[in-house]
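Below you'll find the structure, written out as structure tokens, and then a few comments.
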Amino acid sequence: MDSVGVAAAAPDAGPGPAWQSKCPWGAPSTTSISCSLADVMSEQLAKELQLEEENAAFPEVVAAAEGPFITGENTDTSSDLMLAQMLQMEFDREYDAQLRREEKKINGDSKVSISFENYRKVHPYDSDSSEDEVDWQDTRHDPYRADKPTTTPRRGFIGKGKDITTKHDEVVCGRKNTARMENFAPEFQVGDGIGMDLKLSNQVFNALKQHAYSEERRSARLHEKKEHSTAEKAVDPKTRLLLYKMVNSGMLETITGCISTGKESVVFHAYGGKSATEDKVIPPECAIKVFKTTLNEFKNRDKYIKDDYRFKDRFSKLNPRKIIRMWAEKEMHNLTRMQNAGIPCPQVVILKKHVLVMSFIGQDQVPAPKLKDVTLSNEDMKKAYYQILNMMQQLYRECNLVHADLSEYNMLWHDGKVWLIDVSQSVEPTHPHGLEFLFRDCRNVSQFFQKGGVAEALNERELFNAVSGLNITADNEVDFQAEIEALEKVNEDHVQNHGKKLSAFSSDGDPPIYDE
Ligand code: ADP
Ligand code: MN
């Protein structure tokens, strides 16, 4: 039953005029109307003002109040509802503040911290409460809480004679609604409505119930989204901030999505924006390589960087986070060297911490296929082989680098040629394991093209000699490998004794020391 409807209808529907004229005691004096027009007006005015204020303070709540559960005919209750929802928000804030306090208490000085964030109630954007402002009381354990109201038995009424109360009784019903709020989701804080002897009308109760359900769904959605995004992009909040700043500065137009998720890096595609400086042109499409800051993946890469003299002094002093930045830095330096030598490779745009932005190899968000994924004609296959042979020589002689992870996985086919990528682990040939890395690269390339039907493809030993200019004559793999290691040892001993690299195996003098 709509009690509000009844209340509103009563004065109009009654047989007022007929009763007035027929009444033997004459017309009742107008004094029965206890408030003047001015009073009514001012009350309405006050209500209006209050509504206005509430509108300004809680635009969200008002929008909810206009939802399908509050219709025009019971707008009288909207103020109740508003109050209830304001109370709700207040409870939510208190609840969150308590969560924060508990979080702080548990975490203390501990290095590993836990977060209750997923249990928070208040939307981040409407949370204006700071920790110190909230004076939290544990309403759940209020010693002054009144007993729960007695429930109405099935027969629909309690009491006897004139003390009878039915389940339709407004007060009982209101109390019951308040009590029923306890059935909302357990995390949904309903406050101490019972203790306050709060009586909720059906409308308010239903609207609150709806609100509780939608809150539950909203919060589930929010948490799911958050977890999903972290799982998918594997980007921590700090990295996200870095990426956000790049977009915000206008350097990048938009970051469209993830191209690749590897063990050590995540690569995104982005549309380039405008550079702050005029001399620099941002490519129309960019690849953003984010080096993962999960450290254990990088542990086994120590051998690449630890012995690289360019990073030797720094390595021992650095914490693991900084070492990861060095991978990004290394990739940038190596790409720049390759770029200068004219080797097709991504062009460096910018390096920020562990995030490297470079030009995108591909078009319209579609990355160029890896050599292992593309089917080339015999002619193209042969062309690709000679190009790679050439690039390996350039890399070694002009860039003073060994790729160290060269295979069909790190070569892209784009614009009718091969592009080299993924050079963070590349080292100089004088690296203590540099020649072994080169030999491994040669084996990968040689096998790929021999299997791919390129009859001219050199075998791995021939390729090694062709690239390095060394003349290792061993005709089997084991001896060849032994000679390589012997050469590396000679160089290493020389470094130990003279603090300077030896270019015993280099045909064109000391490798240039790279300074940028
Ligand atoms: P990882 O160390 O994870 O192998 P890569 O540098 O090889 O890192 O990048 C992973 C993948 O991302 C590549 O195989 C390639 O498909 C794509 N990719 C990387 N850089 C670019 C780029 N500049 N343009 C287009 N695609 C790229
Ligand atoms: Mn790769």
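Looking across segment 380-415, the residues that are within 16 Å of ligand 1 (Cβ to nearest atom) and assigned to a loop (DSSP other than H, G, I, E, B) come down to L401, H403, A404, D405, L406, S407, E408, Y409, N410, D415. Regarding segment 314-335, can at least one residue be identified that is of a type in the set (S, T, Y) and open to solvent by 60 Å² or more (accessible area, probe 1.4 Å)? Looking through segment 314-335, at least one residue is of a type in the set (S, T, Y) and open to solvent by 60 Å² or more (accessible area, probe 1.4 Å).
Selection of segment 362-381 for residues being open to solvent by 60 Å² or more (accessible area, probe 1.4 Å) and within 16 Å of ligand 2 (Cβ to nearest atom) yields K370, K372, D373. I'd like the residue in segment 336-356 that is under 18 Å from H403 (Cβ atoms) and assigned to a strand (DSSP E or B) and, out of all such residues, is most open to solvent (accessible area, probe 1.4 Å). So the residue we want is V348. Applying a threshold of 9 Å to beta carbon distances and a minimum spacing of six or more residues, or different chains, the list of pairs starting in segment 444-471 at a residue that is assigned by the TED database to the domain that holds V427 and closer than 17 Å to T430 by Cα and ending at one that is in a helix (DSSP H, G or I) and acidic (D, E) reads F464/D441; V467/D441; L470/E483. Give me the pairs, please: first residue somewhere in segment 268-282 and of a type in the set (D, E, K, R), second residue anywhere and buried (at least 17 other Cβ atoms within 10 Å of the Cβ) and assigned to a loop (DSSP other than H, G, I, E, B), beta-carbon distance under 8 Å, and either six or more positions apart or on two chains. Correct list of pairs: K274/M251; K274/I282.
Sort through T293, T256, T230 and tell me the only one that's modelled with pLDDT under 95, of a type outside the set (D, E, K, R) and within 16 Å of ligand 1 (Cβ to nearest atom). Walk me through how you get there before you give the answer.
Details: T256 fails: modelled with pLDDT under 95; T230 fails: within 16 Å of ligand 1 (Cβ to nearest atom).
So the residue among T293, T256, T230 that is modelled with pLDDT under 95, of a type outside the set (D, E, K, R) and within 16 Å of ligand 1 (Cβ to nearest atom) is T293.
Within segment 382-428, being away from ligand 2 (no atom under 16 Å from the Cβ), open to solvent by 10 Å² or more (accessible area, probe 1.4 Å) and either of a type in the set (D, E) or modelled with pLDDT under 95 (or both) holds for E398, D415. What do you reckon, is K263 under 15 Å from L351 (Cβ atoms) and either within 9 Å of ligand 1 (Cβ to nearest atom) or in a helix (DSSP H, G or I) (or both)? The answer is no for K263. Of everything in segment 322-337 that is touching a His at 6+ places or on another chain (Cβ under 8 Å) and of a type outside the set (D, E, K, R), the residue that is modelled with the lowest pLDDT is I324. The listed residues are G362, G342, and the only one of them that is in contact with an Asp or Glu (Cβ under 8 Å, 6 or more places away or on another chain) and in contact (Cβ under 8 Å) with a residue 40 or more places away in the chain turns out to be G362.
The values are calculated or read from the model by the stated rules, or taken from the named source; none is laboratory data. The structure presented is a predicted model; accordingly, all values stated were derived computationally and were not measured. All Cβ positions, even for glycine, are placed from backbone atoms using ideal geometry, and neighbour counts span all protein chains on display. Calculation scope for accessible area: heavy atoms of the full protein, side chains included, ligands and nucleic acids excluded. Shrake-Rupley method; radii C 1.70, N 1.55, O 1.52, S 1.80 Å.
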